[in-house]
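Please read the structure below before turning to the comments.
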Amino acid sequence: MSIIDSHAHLDLPEFSHDLDAVIQRALDSGIDSIITVGIGMDECRKALEIAARYPFIYATLGMHPHNAAECDRAAIDFIEKNAADAKVVALGEMGLDFFRNRSPGDAQRSCFRDQLGLARSLNMPVVIHDRDAHDETVAILREEHAHDMGGVLHCFSGDTAMAFACIDMGFYISIPGTVTFKSAQLIQEVVRNVPLEHLLIETDCPFLTPAPYRGKRNEPSYVRLVAEKIAQIKQLPIDEVARATATNTRKVFRL
């Protein structure tokens, strides 16, 4: 059974002391590829190093909305230069976060649009972060012609209508470990209604650890639990969910 963790943060300090062991556990669990996602310049450099070290790990490069205040010309130039690396499969994580508001709203919008424009010019898919910014995220994607490159709505937190609006623009909907939470009725409803050919699975590790490990550090081996929950909701064999989401991941990231 082929399983892909489409969104991890192996470059973060939580994995600095045991990354090799984490990756071995992922392989032992049937994970055959991982996408490690850059969120700032330091993290992007580390993601590139990790992807270069492991043949089955790929990287994305981007400026997270929390880091939008640092999204200057040098950052965009760095992303553009390193996007040519053979292991870089997308730009992002980029987008809007009006829950934490760690960067000013105008800086977030500007950084988001700058990265979408770069992705369009490079013909690369994008990884989108959206928290408490559903309507504006969709509006900016439309205004910036994001259908030209497509990509992923990572850690999807919108409703079914938003999911289909994004699918209409050529995006995939990525389901995180929160789908395993008893209170996660909204994302479970999205999984119930969105066809499997539009879904990805992810850990977003070290965050959003699925049940029954909630409260512990998340890691790629736990993405199997996301696949199992989707299989339960859709009343499908887990092999079918794993195969379809892996196929979708390879398609969107052109693996």
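Assigning unit charges at the beta carbon (Lys, Arg +1; Asp, Glu -1) and nothing else, what dipole magnitude in debye, to the nearest 20, does the stretch 3-253 show about its Cα centre?
On the way: 25 positive and 36 negative charges, 95 e Å.
Magnitude of the dipole: close to 460 debye.
Picking from Ser110, Val22, Val127, whose Cα lies most toward the positive end of the charge dipole for the chain (charges on Cβ: Lys, Arg +1; Asp, Glu -1)?
Highest projection toward the positive end goes to Val22.
Could you work out how much longer the chain between Lys216 and Lys182 gets when fully extended? Use 0.36 nm per residue separation minus the Cα distance between them, nm to one decimal.
Values: separation 34, 0.36 × 34 = 12.24 nm, distance 1.71 nm.
Extending this stretch completely gives an extra 10.5 nm.
Sort out for me the Cα centre separation of the stretch 36-68 from the stretch 101-126, rounded to whole Å.
16 Å
So for the pair Arg243, Asn101, with labels modelled 7 Å out along Cα→Cβ, what separation do we get in nm?
Once both label points are built, they end up 4.9 nm from each other.
Can you pull out the cysteines in the chain that have no other Cys Cβ under 4.7 Å?
Cys44, Cys155, Cys166, Cys205
Do any of Lys81/Lys251; Lys46/Lys182; Lys46/Lys216; Lys87/Lys234; Lys46/Lys229 go past 29 Å between their Cα atoms, and which? The partial results should precede the final answer.
Details: Lys81/Lys251 24 Å; Lys46/Lys182 35 Å; Lys46/Lys216 23 Å; Lys87/Lys234 33 Å; Lys46/Lys229 31 Å.
Beyond 29 Å between Cα atoms: Lys46/Lys182; Lys87/Lys234; Lys46/Lys229.
Say we join alpha carbon atoms closer than 10 Å with springs in a Gaussian network model of the chain; which of Leu200, Leu48, Leu27 then has the biggest fluctuation?
Leu27
Report, in whole Å, the centroid distance computed from the Cα atoms of the stretch 135-159 and the stretch 200-231.
Value for the Cα centre distance between the two parts: 24 Å.
Under a 10 Å cutoff between Cα atoms, tell me which one of Leu225, Leu19, Leu236 has the largest fluctuation in the Gaussian network model of the chain.
Leu236
log10 I(q)/I(0), Debye, Cα-only the chain, no solvent, q = 0.11 Å⁻¹?
Treating every Cα as an identical point scatterer, log10 I(q)/I(0) equals -0.51.
Taken together, the values in this text are just the output of simple stated rules run on the coordinates, not laboratory data. Given the structure is predicted, the values throughout are model-derived calculations rather than measurements. Virtual Cβ from ideal backbone geometry, glycine too; neighbours counted across all protein chains shown.
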